[in-house]
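Undergrad: Sharing a structure, written as structure tokens. Questions coming.
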Amino acid sequence: MTKIAIVEGDGIGREVIPEAEKILRFFLPNAEFVKVELGFDQWKKTGSACSKENMTTLKEMDAVLFGAVTTPPDPEYKSVLLEIRHELDLYANIRPVKSESVDLVIVRENTEGLYSGIEEIGEDKSTTLRVITKAGSRRIAEKACSLNIQRNQNTPLVIGHKANVLKSDILFRDTCITVAESQNLPVRSMFIDALCLDVLLHPDRYDVIVTTNMFGDILSDACGYLTGGLGMLPSANIGENHALFEPVHGSAPDIAGRNIANPIAAVRSAAMLLEYLGMKTEAEKIEKAVQQTLSLRIVTPDLGGNASTRDVGENILAKISEHQ
Ligand code: ATP
Ligand code: MG
């Protein structure tokens, strides 16, 4: 039996995930859904943001649907999501950016770079270590190459880096080039700052972009501009043995608890989860229903509408049911 963990987390995670969960249950009526409580709220209640039992449960699942967790800027508080990505070795963060005129995907290395968590925090000096390994660069490059082949858009694989200033990026860039060349794939290597601007100006020139951890984080938030905002972007965190699907956005405490958060990023994350389980047709049905809901203008305030989170979720589900 398929086992799916449902993690709502904090803030708007608690509002958008139930909408995505309804759709998952519709397509997976026989799956076992296991609710896992973790995040900042959990830390406030119990002193632990993610217990050992939680981590074990996550590891036993076929896939995890994840909302968002708040990370306070407290140096003592370690990001739970980082911990989960490390524990489950979710090394590839796949972030599709798709709208009527845009279709690209950012492949972000998810376990090292500037988010490797090796830091020394002091009064007068703080340092964060940026780790790049050949093995880490190779496996993310392989993932990006296989996506590039699968998508078959005849567009070179783009490597986003800053190897002129950050010498650690020479290893990343060169490893990516070697992997791509060994598969006879054309590559284009670009400085991440120039890439950020160019992708916003000419998104049609891009297909798969592979980059390191923090650059990928920033680049994908910026690409939210191409699709109507953060509320639209889903993501997958994939490892050898585990997979977690989550919206690109965070817990958005500023709009939490008001039933106005856009659930589309979460719903699209559920679609990616189904695709991962081999249910591509079902994933396509979800996307079609999202498109229909958008064209009916049943949208939340971030997209200029006045529908609630629940209205949007229920509408998408209704459209899916109509087509079954
Ligand atoms: P994190 O550190 O967890 O990534 P963040 O500080 O980047 O969090 P987000 O939660 O990603 O913040 O949100 C940034 C802003 O975008 C929020 O203030 C919110 O107004 C808006 N936003 C994010 N997600 C949504 C959504 N699903 N619907 C509507 N607005 C959203
Ligand atoms: Mg963010």
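Undergrad: Among DSSP beta bridges lying fully in the chain, give the percent that are antiparallel, nearest 5.
TA: On the way: 19 of 42 bridges.
Roughly 45 percent of the beta bridges in the chain run antiparallel, per DSSP.
Undergrad: Just going by the charge dipole of region 225-324, with Lys and Arg at +1 and Asp and Glu at -1 on Cβ, which of 225, 270, 308 is farthest out on the positive end?
TA: 308
Undergrad: Can you tell me the length gained on complete extension of the stretch residue 259 to residue 178, counting 0.36 nm per residue apart and subtracting the Cα distance? Don't skip to the end; give the middle numbers.
TA: On the way: separation 81, 0.36 × 81 = 29.16 nm, distance 4.81 nm.
So the extension gain works out to 24.4 nm.
Undergrad: Report relative contact order for the chain in percent, whole number only (criteria: Cα-Cα under 8 Å, sequence separation at least 6). Each step should come with its number before you reach the end.
TA: Numbers: 667 pairs, mean separation 68.7, N = 324.
The value is 21 percent.
Undergrad: So which residue, out of 75, 203, 234, gets the largest mean-square fluctuation from a GNM of the chain using Cα contacts under 10 Å as springs?
TA: It is 75.
Undergrad: Let me ask something additional. What distance in nm separates the two pseudo spin-label positions at residue 83 and residue 2, each 7 Å out from Cα along the beta-carbon direction?
TA: Computed distance between label sites residue 83 and residue 2 equals 2.9 nm.
Undergrad: Under a crude label model (7 Å from the Cα following the beta-carbon direction), how far is residue 200 from residue 99 in nanometres?
TA: 1.3 nm
Undergrad: Pulled fully out, how much extra length does the chain show between residue 133 and residue 188, if you take 0.36 nm times their separation in residues and subtract their Cα-Cα distance? Could you put the intermediate results ahead of the total?
TA: Working: separation 55, 0.36 × 55 = 19.80 nm, distance 2.08 nm.
Stretched fully, the residue 133-residue 188 segment lengthens by 17.7 nm.
Undergrad: When only alpha-carbon atoms count, how far does region 189-290 stretch along each of its three principal axes, as whole angstroms with the largest first?
TA: 35, 35, 27
Undergrad: Still on this model: If you filter region 47-105 for chymotrypsin sites (Phe, Trp or Tyr not before Pro), then keep DSSP loop positions with at most 14 other Cβ within 10 Å, what is left? Write down the numbers at each step before the final one.
TA: Numbers: sites: 66, 77, 91; in loops: 77, 91.
Of the chymotrypsin sites (Phe, Trp or Tyr not before Pro), the ones in loops of region 47-105 whose Cβ has at most 14 other Cβ atoms within 10 Å are 77.
Undergrad: What list of whole percents do you get for P(r) of region 87-165, with Cα-Cα distances grouped in 10 Å bins up to the one holding the largest distance?
TA: 15, 40, 28, 13, 4, 0
Undergrad: Sticking with this one: Just list whichever of 3/285; 35/319; 52/285 have alpha carbons separated by over 28 Å in the model shown. Before the final figure, lay out the partial values.
TA: On the way: 3/285 22 Å; 35/319 26 Å; 52/285 37 Å.
From 3/285; 35/319; 52/285, over 28 Å: 52/285.
Undergrad: Give a residue-ordered list of calculated ³J(HN,Hα) values for region 40-54 (Karplus: 6.51 cos²θ - 1.76 cosθ + 1.60, θ = phi - 60°; whole Hz; x for Gly, Pro).
TA: 5, 4, 5, 4, 5, 6, 10, x, 9, 6, 8, 6, 4, 4, 4
Undergrad: In terms of Cα to Cα distance under 16 Å, which lysines are near enough to residue 143, apart from those fewer than 8 places away along the same chain?
TA: Leaving aside lysines fewer than 8 places away in the same chain, those within reach of residue 143 are 134.
Undergrad: What residue among 177, 104, 214 has its Cα farthest toward the positive end of the dipole of region 100-226, where the charges are +1 on Lys, Arg and -1 on Asp, Glu, each on the Cβ?
TA: 177
Undergrad: Out of residues 5 or more away from residue 208 or on other chains, whose amide H comes under 5 Å of its own, with H placed 1.01 Å from N in the peptide plane?
TA: Counting only residues 5 or more places away or on other chains, the set is 105, 158.
Undergrad: Which residue, chosen from 165, 192, 136, occupies the Cα position most advanced towards the positive end of the dipole of region 100-226, where the dipole is computed from +1 (Lys, Arg) and -1 (Asp, Glu) charges on Cβ about the Cα centre?
TA: Comparing the listed Cα positions along the dipole, 136 ranks first.
Undergrad: How big, in percent, is the set of alpha carbon pairs in region 100-226 lying more than 18 Å apart? It would help to have the intermediate numbers written out before the result.
TA: Details: 4106 of 8001 pairs.
Above the 18 Å cut-off, region 100-226 has 51 percent of its Cα pairs.
Undergrad: Within region 151-185, list the trypsin sites (Lys or Arg not before Pro) lying in a DSSP loop whose Cβ has at most 11 other Cβ atoms in a 10 Å radius.
TA: Values: sites: 151, 162, 167, 173; in loops: 162, 167.
Within region 151-185, the qualifying trypsin sites (Lys or Arg not before Pro) (loop, at most 11 other Cβ atoms within 10 Å) are 167.
Undergrad: Another question, if that's okay. What GluC sites (Glu not before Pro) in region 114-144 are in a loop by DSSP, with at most 16 other Cβ atoms within 10 Å of the Cβ? Could the numbers behind the result be given before it?
TA: Details: sites: 119, 120, 123, 142; in loops: 123.
The qualifying sites are 123.
Undergrad: Label points 7 Å out from Cα along the Cβ direction at residue 74 and residue 240: separation in nm?
TA: In this crude label model, residue 74 to residue 240 measures out at 3.6 nm.
Undergrad: Right, next: Please report, in debye to the nearest 20, how large the charge dipole of the chain is about its Cα centre when each Lys and Arg carries +1 at its beta carbon and each Asp and Glu carries -1 there. Kindly include the intermediate steps, with their values, before the conclusion.
TA: Working: 34 positive and 45 negative charges, 110 e Å.
Around 540 debye, computed over the chain.
Undergrad: Shape call for the chain from the C-alpha gyration tensor, a ≥ b ≥ c root eigenvalues: rounded (a/c under 1.5), prolate (a/b greater than b/c) or oblate?
TA: Verdict is oblate for the chain.
The numbers here are math on the coordinates, done by the rules we state, and not lab data. Fair warning: this is a prediction, and the values are worked out from it, not measured in the lab. So basically every Cβ, Gly included, is an ideal-geometry build from the backbone, and we count neighbours across all protein chains shown.
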